[in-house]
Amino acid sequence: MNNPYLPQVAKIIDVKDEAPGERPIKTFKVVLENGNSLNHRPGQCAIIGILGIGESMISIASSPTRKDCLEFSVMRLGTVTSALHECEPGDTISLRGPYGNGFPLDDWKGKNIVTIGGGIGQAPLRPIVQSILDNRSDFGDLTVIYGARSSHDLCFKDELLALEKDGPASVHLSIDAEEPGWNKFVGFVPNNLLEIKPSPENCIAITCGPVVMIKYVIKNLLELGFTDAQIFTTMENRMKCGIGKCGRCNVGHLYICKDGPVFSYDTLKDLPEF
Amino acid sequence: MTTYTLPKDKLPEFLSALSDYEIWAPVKKGPATLFDRLDDLKDVDLDLENQPVISKKAIFPQNEPLFSYDRKGTVTETDLNAVKNTIVFGIRPCDARSFTLLDPVFEGDVPDPYYRARRSKTALLGIACNDPFVNCFCTSIGGSPFGREGLDLLFIDCGDLFTLEVITETGKEITGKASSLLSPATAESSEQIAQAATDKIKRHIDLTGLPEKLASLFEHPVWKEFASKCIGCGICTYSCPTCYCFDMQDETTLKQGRRVRIWDSCMFPEYTLHASGHNPRATRTERFRNRIYHKFKFNMDNFHSYSCVGCGRCISLCPVNIDLIDYLSRVKETE
Amino acid sequence: MSEFEPNIVAFLCNWCSYAGADLTGTTRTHYPPTVKVIRVMCTGRVNPLFVAQVLRTGADGVLISGCHPGECHYMKGNFLARRRFIIMRNLLEFIGIDPQRIRMSWVSASEGKKFADVITEVTEDIKKLGPLQSFKENVNGHPKTEG
Amino acid sequence: MDIQKLRDEAKRALGRKEIEYLIGYKKGSYGFRISPCFIETKEEVDQLTFSPLCSLSLVNYLTIEGKPLLPADEKKSKAKKVALLVRGCDSRALNQIIAEGGISPDQLYVIGIPCSGVIDLKKIEARFPHTPDPVDVVEENGNYIITINDQSHTVPVDELKAETCKTCQYPTPLTCKKLIGDKRAGNPPQYEDIQILEAQPPEEKWQFWQNQFSRCIRCYACRNSCPLCYCDGCILEKLKPQWVKRSVDTNENFMFHITRAFHLAGRCISCGECERVCPVDIPLMKLNRKMEKDVKELFDFEAGLDPEVKPLLNTFAIEDPEDFIL
């Protein structure tokens, strides 16, 4: 019988300093030792572990269409992520997954897509952007709205700036407070959303970020005329098992690790605790 | 149904006839009666006066090493084939039933190999409750002091002898090993004793409509009131036969390490604490409410059963008189 | 079988005992190679739970050594430590760990000889007691609680 | 003790405008149980009760997470007070916590009750099993008069009283605004059982504790029911460093109980609640009383006698014993 708690061995092939801010973020490129693939869907998560330290559920920040490696963008916070930040290319980590439902990208074909991210919350949205870019003709317009506390906390900055320049998507970056040399939007992400006013017409909006931000983004999306079923979010809680057994990640009767992390606002609005 | 009788003084012989099994039974440890693995058959103490804690650990141990590893990162899986055929003797019908409620959790979409290994090799030999305890309310929640659900064999205390009811094939196999000690029971049924036992249960609650009621009360101030006296220990969850939440931790020495799963309790704040410091259930009220909702609403949504067998241990052991029966009745009356 | 060499962890304060131990070395005074030294700024920094933890994780004895009373670099660290360790020592004794395994000494920076004597004495005492078996019996869980 | 006096006093207290609410005891939901209660209005006062069944220390509710009044965090409620019923041991707990800076005495209105000792629930429930209906218990001339469904039973106090209370030194609250009832004299300290255990060889002591600790399930009821265990972020919850592993095996249980006992050295006020709530009956008070005895012998210190006295381990005396030091 397949043991769901037994991790695979993976190797870090590259580490990139993503955001040097107060809570630093690094992006790790990882390949499975045996050459296998996780066969994940955009929006799914994996449990990264370091033997002797512990495990942590991290969303996969790369699209399955990018087959050379898996990417994880990790903020240095707890014991596992701190240990991970000490890792260098060539180090091995353990990996199990993928977990969760992922985004229903197939249902979204032919539609316009708006992603609204805040801080490290852009990581789970990145595979959507990548998947759309890799199958550009399957989707309508792509709008990326993304903000962080300061320019030092913005992830994937080079990528997004390049994307903005090349034009396959419209990109709107923001930071929370004025900074010299910043000529884009200053203010919170939900406010930036109201500035940009994406049209709800044939559109899906996906948001991820701090809980407070998600709540205001949803409120503003509804104001812009989006319906509950057009709004998606991806969530996070403390997790241990990844398979809906250890109990702690529940929101109402749903477990984020198993029934989520992607929820449509249609489902979410009826759940207690949200 | 096949029934046998076993003279009470032949119980040690009966158990020694089952020596190829690992036997768990209630054991007196100091003043407390606990379920434990038997090293010596003489240690068995059915102690019908006291409600033993905690039988779930025979199948769902408090610590379970998932795998071990060395410094090089070589992982060695725990050998589940080494799990011995096991008998849990003297388990109460409610506790036996609890495993049938844990099964869907640990089987589910992704079956749990550790639980399955023990569960499939464990026979449950129950003792009927002739004398239910003060907070027993199994009859209100689908069980009974003579419930057969989950059991392989039911022992009924009939004075000088036990009547044994064979419930499953495994039960039949077990009685087969000790057949020389057993005599076929006469037609006389145990129904009268069972009825008398059921009548002794004094605490009742009508749970009809509870999940629907809970659905409308999530934000109600009553939860703050209920939780106000909770001191936040884990006694209710650890002693509960249907609580299964666990934590996973790495434990290392200089040379080696292991990943262990350990019972956890939703009543502890660090259970849900994020690494960022944010806690989605930061207060006693939220944690207490989650426990009740999990047992009486969420589990119903997910598995179509309550996560409670009515053993009453959380009520008996609570240091501050948090009384589940009382609270649930008040929930039902709350508008 | 070779003779039992105790495994002793010594918490030495930076200002007196560590310097004292240094002096023992520079004057080439011999003492048994049984101690693993952990340098701390002051005996007052040594959480008494370190003692329990050290014994729990495999040491046969613990030594805490600092400045003589009245000579603490931080004025009162060693006085506070003195109180704590007598209590911890009594507690561990009550639980069944021989108090000879939990030792404390005052060794100043100039007492290289005393340091060697202390280590010799502690080593001899613990040799007489033999290895600390208490926690080791329970490795990987006491048989009755492992399951 | 006269319940009416208690209720009158409670009414008077609640009549004062600075008092937010009163923490007291009321009859529990069944049998011998007593429940803590929070009373905000005079009308609710009649549910107040006090009897030898009142076991848990209400001091717990002054320091628990999410309580309505916080000493440091909520500046706006500084003028507000909480009224609280205390017994002898509770008042020592209060003194100790005040001495440690955990509560500000300005926020308390303390009503003291001289206590004749509490009944050990485990003993009384074993004696009268199957008692779902509420019960009355009073102490009279060395007996407990227990009334169950209008039928009264007389049981000698010694058979049911909690062990710790039998040797209580301070049954009368030491510091309180109002005292209800007559002062009671304490008993001389008694450590015979401790001395017997002390005299045993190390291996036997270890084995004794091994048998006890091996059955601990680490539910932390002892910690949470202890009025003195009020740290924000208990050491047991720390992951870095992880002082006590989460694994529940005998070694880790030893570490947990060593930690717990040490953290209560010079602080435990001998209410005995930790031992009474333990679901697996570990004799925790043996550890606590050993510490109490040693602290008394070595430093002539008793916890919680005076809120002005600094905590034992925060202070020292030049002449502290040091004969164990080389």
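Scanning region D:115-131 for residues that are within 12 Å of another protein chain (Cβ to nearest Cβ) and on the phi > 0 side of the Ramachandran plot returns a single hit, D:His130. The set of residues in region B:31-54 that are more than 9 Å from chain D (Cβ to nearest Cβ) and under 18 Å from the mean Cα position of the chain (by Cα) comprises B:Thr33, B:Phe35, B:Arg37, B:Leu46, B:Asp47, B:Leu48, B:Gln51, B:Pro52.
Looking at region A:89-98, can you tell me whether even one residue there is among the hydroxyl-bearing types (Ser, Thr, Tyr), surrounded by fewer than 22 Cβ atoms within 10 Å (Cβ to Cβ) and closer than 24 Å to A:Leu6 by Cα?
yes
Cβ-Cβ contacts under 7 Å between residues 6 or more apart (or on different chains), taken from a first residue in region D:16-36 that is within 13 Å of chain B (Cβ to nearest Cβ) to a second residue that is of a type in the set (Lys, Arg), are listed as D:Ile34/D:Lys27; D:Ser35/B:Lys229; D:Ser35/D:Lys26; D:Pro36/B:Lys229. Where helices (runs of 4 or more DSSP H) fall entirely within region A:92-203, those with at least 1 residues that are touching a Ser or Thr at 6+ places or on another chain (Cβ under 6 Å) and in contact (Cβ under 8 Å) with a residue 12 or more places away in the chain are at A:126-134, A:189-196. For the condition within 20 Å of the chain's Cα centre (by Cα), surrounded by 15 or more Cβ atoms within 10 Å (Cβ to Cβ), among the basic types (Lys, Arg) and more than 29 Å from A:Lys245 (Cα to Cα), A:Lys67 does not qualify. Among residues of region A:71-87 that are within 20 Å of A:Val31 (Cβ to Cβ), those with a Cβ under 6 angstrom from a residue that is in a loop (DSSP other than H, G, I, E, B) and of a type in the set (Gly, Ala, Ser), sequence gap 6+ or separate chain, pair up as A:Glu71/A:Ala61; A:Glu71/A:Ser62; A:Phe72/A:Ala61; A:Ser73/A:Ala61. Within region B:16-30, the set of residues being under 25 Å from B:Thr100 (Cα atoms), of a type outside the set (Asp, Glu) and more than 14 Å from chain D (Cβ to nearest Cβ) comprises B:Leu18, B:Tyr21, B:Ile23, B:Trp24, B:Ala25.
Mind checking which residues of region A:249-273 are within 18 Å of B:Glu219 (Cα to Cα), touching a strand residue (DSSP E or B) at 6+ places or on another chain (Cβ under 6 Å) and hydrophobic (A, V, I, L, M, F, W, C)? Within region A:249-273, A:Leu271 is the sole residue that qualifies.
Residue check: D:Ser225 meets all listed conditions (1) on the phi > 0 side of the Ramachandran plot; (2) touching a helix residue (DSSP H, G or I) at 6+ places or on another chain (Cβ under 8 Å) but one, namely (1).
Considering region C:61-147, the qualifying helices (runs of 4 or more DSSP H), each wholly inside and each with 3 or more residues that are modelled with pLDDT under 95 and more than 30 Å from B:Phe35 (Cα to Cα), run over C:77-95, C:112-129. Look at (1) over 22 Å from B:Pro111 (Cα atoms); (2) within 14 Å of chain B (Cβ to nearest Cβ); (3) in a loop (DSSP other than H, G, I, E, B) and you find that A:Tyr5 fails only one, number (1).
Set side by side, the residues D:Leu197, D:Leu160, D:Leu174, D:Leu236 differ, and just one is assigned by TED's automatic domain parsing to the domain that holds D:Glu292 and at pLDDT 90 or above, which is D:Leu197.
For beta carbons closer than 6 Å, sequence separation of 6+ or different chains, a first residue in region A:240-264 that is more than 7 Å from every other protein chain (Cβ to nearest Cβ) and under 17 Å from B:Ala275 (Cα atoms) and a second that is outside any loop (DSSP other than H, G, I, E, B) and hydroxyl-bearing (Ser, Thr, Tyr), the qualifying pairs are A:Gly242/A:Tyr99; A:Cys249/A:Tyr255; A:Cys257/A:Tyr99. Listed by first and then second residue, the pairs with beta-carbon distance under 7 Å, at least 6 apart or on different chains, first residue in region C:81-93 and more than 7 Å from chain D (Cβ to nearest Cβ), second among the hydroxyl-bearing types (Ser, Thr, Tyr), are C:Ala81/C:Thr43.
Look at region B:232-247 and say how many of its residues are facing chain A (nearest Cβ under 9 Å) and under 15 Å from B:Leu324 (Cα atoms).
1
Checking the conditions here, which among D:Glu198, D:Glu204, D:Glu159, D:Glu140 is closer than 26 Å to D:Asp281 by Cβ, away from chain C (no Cβ under 14 Å) and of a type in the set (Asp, Glu)? Matching residue, one of D:Glu198, D:Glu204, D:Glu159, D:Glu140: D:Glu159. Looking at A:Gly181, A:Gly119, can you tell me which residue is in contact with a Gly (Cβ under 9 Å, 6 or more places away or on another chain), of a type outside the set (Val, Ile, Thr) and not assigned by TED's automatic domain parsing to the domain that holds A:Leu77? Being in contact with a Gly (Cβ under 9 Å, 6 or more places away or on another chain), of a type outside the set (Val, Ile, Thr) and not assigned by TED's automatic domain parsing to the domain that holds A:Leu77 holds for just one of A:Gly181, A:Gly119, which is A:Gly119.
Okay, residues lined up against (1) outside the structural domain of D:Glu65 (by TED's automatic domain parsing); (2) modelled with pLDDT of 95 or more; (3) buried (at least 23 other Cβ atoms within 10 Å of the Cβ); (4) in contact with a strand residue (DSSP E or B) (Cβ under 9 Å, 6 or more places away or on another chain):
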| site | (1), (2), (3), (4) |
| --- | --- |
| D:Val248 | yes, no, yes, yes |
| D:Phe254 | yes, no, yes, no |
| D:Asp281 | yes, no, no, yes |
| D:Pro307 | yes, no, no, no |
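Exactly one residue out of C:Glu111, C:Glu71 is charged (D, E, K, R) and either facing chain D (nearest Cβ under 8 Å) or in contact (Cβ under 8 Å) with a residue 60 or more places away in the chain (or both): that is C:Glu111.
Test A:Pro200 against the stated conditions and say whether it is crowded, with 22+ Cβ neighbours inside 10 Å and farther than 22 Å from A:Gln130 by Cβ. Judged against the criteria, A:Pro200 is not a match.
Return the residues of region B:60-82 that are surrounded by fewer than 18 Cβ atoms within 10 Å (Cβ to Cβ) and part of a loop (DSSP other than H, G, I, E, B); say none if nothing qualifies. Hits for region B:60-82 are B:Arg71, B:Lys72, B:Gly73, B:Thr74, B:Asp79.
Quick check, is B:Ala215 closer than 26 Å to B:Ile325 by Cα, more than 23 Å from the chain's Cα centre (by Cα) and either not assigned by TED's automatic domain parsing to the domain that holds B:Glu270 or not basic (Lys, Arg) (or both)? When the stated conditions are applied, B:Ala215 passes them.
Can we say A:Lys67 is in the same structural domain as A:Pro190 (by TED's automatic domain parsing) and without any contact (Cβ under 8 Å) to a residue 60 or more places away in the chain? Considered against the rule, which asks whether it is in the same structural domain as A:Pro190 (by TED's automatic domain parsing) and without any contact (Cβ under 8 Å) to a residue 60 or more places away in the chain, A:Lys67 comes out as no. Of B:Lys229, B:Lys224, all but one fail to be in contact (Cβ under 8 Å) with a residue 40 or more places away in the chain, charged (D, E, K, R) and facing another protein chain (nearest Cβ under 8 Å); the exception is B:Lys229.
Mind checking which residues of region A:22-50 are more than 18 Å from the chain's Cα centre (by Cα), surrounded by fewer than 18 Cβ atoms within 10 Å (Cβ to Cβ) and either within 11 Å of chain B (Cβ to nearest Cβ) or in contact (Cβ under 8 Å) with a residue 24 or more places away in the chain (or both)? Answer for region A:22-50, where residues must be more than 18 Å from the chain's Cα centre (by Cα), surrounded by fewer than 18 Cβ atoms within 10 Å (Cβ to Cβ) and either within 11 Å of chain B (Cβ to nearest Cβ) or in contact (Cβ under 8 Å) with a residue 24 or more places away in the chain (or both): A:Glu22, A:Val31, A:Leu32, A:Glu33, A:Asn34, A:Asn36, A:Ser37.
Here B:Lys57 meets each of (1) more than 9 Å from every other protein chain (Cβ to nearest Cβ); (2) assigned to a helix (DSSP H, G or I); (3) crowded, with 22+ Cβ neighbours inside 10 Å with one exception, condition (1).
The values are calculated or read from the model by the stated rules, or taken from the named source; none is laboratory data. Small disclaimer: the values here were computed from a predicted structure and weren't measured. We place every Cβ from the backbone using ideal geometry, glycine too, and count neighbours over all the protein chains shown.
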